[in-house]
Amino acid sequence: MCDRTHAELDRLLSEKEEKIAKLEKRIEKLEGIIALYESPHIPSSKHIIREVRTPEEPKEPAKRGAPEGHVGATRQKPKPNRIIDLKPKSCPVCGRKNITVLDEHSKVVEDIAIVKTVTEYHYYDCRCEHCKGMFATSDPELPSEGCFGPNITSLWEMMYYYGAMPFDRLSHVSKNCFGVEITPGGLHNAVYRNSAIFQPCFDGIAKRVSRSKYARSDETSYPFNGENYWMWNISTAKDTLVLIRKNRNAKVLKEVFGEFFDGVLNSDCFRAYDRFKAREYQKCWAHVLRDAKDLAKNSEEGAELYRKLLHMYDYIRNAKEKHREDSPAVRAWMLKQKREMGSWIDRHYMSKAVKNLALRMSKYSEHWFTCLKYDFVEPTNNASERDIRKGVIARKISGQHRSVQGQHAREVMMSTLLTNQKRDINPFQFVLDGIRKHNLCQN
């Protein structure tokens, strides 16, 4: 009887252990799914945890217009290059000419003239009888290749890269708006051919970025021929380098900077940056505050951590606005905050997500306050995110690139256009001047 009881208990225990093992496996799987949805790198539309407003907390109407304290600016009116007087000669109703003008108004109107021009050039191959040199006559408006002039091709470059307009849509716009018929394939050839003109600009940008003392980096997915590639945006205060690579690891950073970057690298907490050696690092406060704000909606300990981080960031912004970088008071404050972050490891957290965020802050405790050592280092990586949005828009509209030529052309032109924007150089005029100069030198 006793043996039978022991056997029964062993069987029940074995069943319980098997059931517990299955439940633990299921819990591990579900935790992985939740971790995926809690990731800061997914769009907000996929978040499964959302703020729930109670009836006692009515939703505030969204404020419209400029934020408080914004200094408005009135657009300066241009000087007119012609004046049209609309004084009436007769009544539009009865046709009589006995008209009395009661008041006079004026309005300055800006517009452009869209006029298609077709020009036939006669150019010549020549030889100098003095030095025996051979040359061909040329003109800035005469393209070295193709039959489209620099004005329309520069506009195509801007509309394709800066306006994110696909070739098929650009073909319709060119025909219906400018009277210039061209197929998507013809646009493909013209745009990519002209992009190659700016390869020296791209090389110069890459060289300046690699030698800088402060750089920002961000990356986003950008498919190439059905495979998952990544668009990297590595920028400084005056230059932006755009690269499309198959890798999302430290190899891309080493391609730009070499084995070591002798400067400050600003980025998020993506692990690829941990495997790259730089003299100093600055981690993005915008990313961590966004994560903390989401956690604050779901637990008191998350709200407490968010308040602490927000207080730190307010101090950082205030110190930088007052240009107090690397002052004795700021250095003492930084040391105190680093010690506090180190103590977060030993705290007991009910929420695993809050614990992970506290561990992330502690892990990079040396990298959150580099911006308080140098006036040129920013506490966030928002500038790179703003630059990379243009690539995201192009990816969503056109989908992907299918040729190495198209991939590299986007690198060249987006680097050139974004750099010109930072330097307050008119991108369209820069492209137009570059094509004209190329035409003059090549013919």
Taking the range 188-205 and the residues there that are within 13 Å of His408 (Cβ to Cβ) and without any contact (Cβ under 8 Å) to a residue 60 or more places away in the chain, the one that is nearest to the chain's Cα centre (by Cα) would be Asp203
Working only within the range 401-419, note down all residues that are surrounded by fewer than 16 Cβ atoms within 10 Å (Cβ to Cβ) and in contact with a Phe, Trp or Tyr (Cβ under 6 Å, 6 or more places away or on another chain).
-> Gln405
Which one of these does Ala237 not meet: (1) more than 20 Å from Arg389 (Cβ to Cβ); (2) small (Gly, Ala, Ser); (3) in contact with a strand residue (DSSP E or B) (Cβ under 8 Å, 6 or more places away or on another chain); (4) surrounded by fewer than 18 Cβ atoms within 10 Å (Cβ to Cβ)?
-> (1)
Tell me, please, whether a residue that is in contact with a strand residue (DSSP E or B) (Cβ under 7 Å, 6 or more places away or on another chain), small (Gly, Ala, Ser) and touching a residue at least 60 places away in the same chain (Cβ under 8 Å) can be found in the range 150-172.
-> no
Please go through the range 378-387 and pick out each residue that is touching a strand residue (DSSP E or B) at 6+ places or on another chain (Cβ under 8 Å), part of a helix (DSSP H, G or I) and not small (Gly, Ala, Ser).
-> Glu385, Asp387
Within the range 81-96, is there a residue that is closer than 30 Å to Ile435 by Cα and out of contact with any His (no Cβ under 9 Å at 6 or more places or on another chain)?
-> yes
Mind checking whether some residue in the range 297-313 is acidic (Asp, Glu) and free of Cβ contacts under 8 Å to residues at least 40 places away in the same chain?
-> yes
Kindly indicate whether Asn356 is without any contact (Cβ under 8 Å) to a residue 24 or more places away in the chain and closer than 30 Å to Arg193 by Cα.
-> no
Filter result for Phe376 (within 29 Å of the chain's Cα centre (by Cα), buried (at least 18 other Cβ atoms within 10 Å of the Cβ) and not β-branched (Val, Ile, Thr)) = no
Does Ser144 fit the bill of being under 30 Å from Gly185 (Cα atoms), small (Gly, Ala, Ser), at pLDDT 90 or above and surrounded by 11 or more Cβ atoms within 10 Å (Cβ to Cβ)?
-> no
Exactly one of Asn151, Asn81 is of a type in the set (S, T, N, Q), at pLDDT 90 or above and surrounded by 10 or more Cβ atoms within 10 Å (Cβ to Cβ), and that one is Asn151
Restricted to the range 379-397 and to residues being of a type outside the set (Lys, Arg) and surrounded by fewer than 19 Cβ atoms within 10 Å (Cβ to Cβ), the residue farthest from Ala296 (Cα to Cα) is Ile397
Output the residues belonging to the range 107-141 that are surrounded by 10 or more Cβ atoms within 10 Å (Cβ to Cβ) and either on the phi > 0 side of the Ramachandran plot or in contact with a Phe, Trp or Tyr (Cβ under 7 Å, 6 or more places away or on another chain) (or both).
-> Cys126, Ala136, Thr137, Ser138, Asp139
Does Asp433 satisfy being within 18 Å of the chain's Cα centre (by Cα) and charged (D, E, K, R)?
-> no
Please determine, by comparing only the residues of the range 366-375 that are part of a helix (DSSP H, G or I) and touching a strand residue (DSSP E or B) at 6+ places or on another chain (Cβ under 8 Å), which one is farthest from Glu340 (Cα to Cα).
-> Cys371
Of the residues in the range 388-443, those that are among the aliphatic types (A, V, I, L, M), free of Cβ contacts under 8 Å to residues at least 40 places away in the same chain and part of a helix (DSSP H, G or I) come to Val404
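The values are calculated or read from the model by the stated rules, or taken from the named source; none is laboratory data. Computed from a predicted structure; not experimentally measured. No Cβ is skipped: glycine too gets one built from the backbone with ideal geometry, and neighbour counts run over all protein chains shown.
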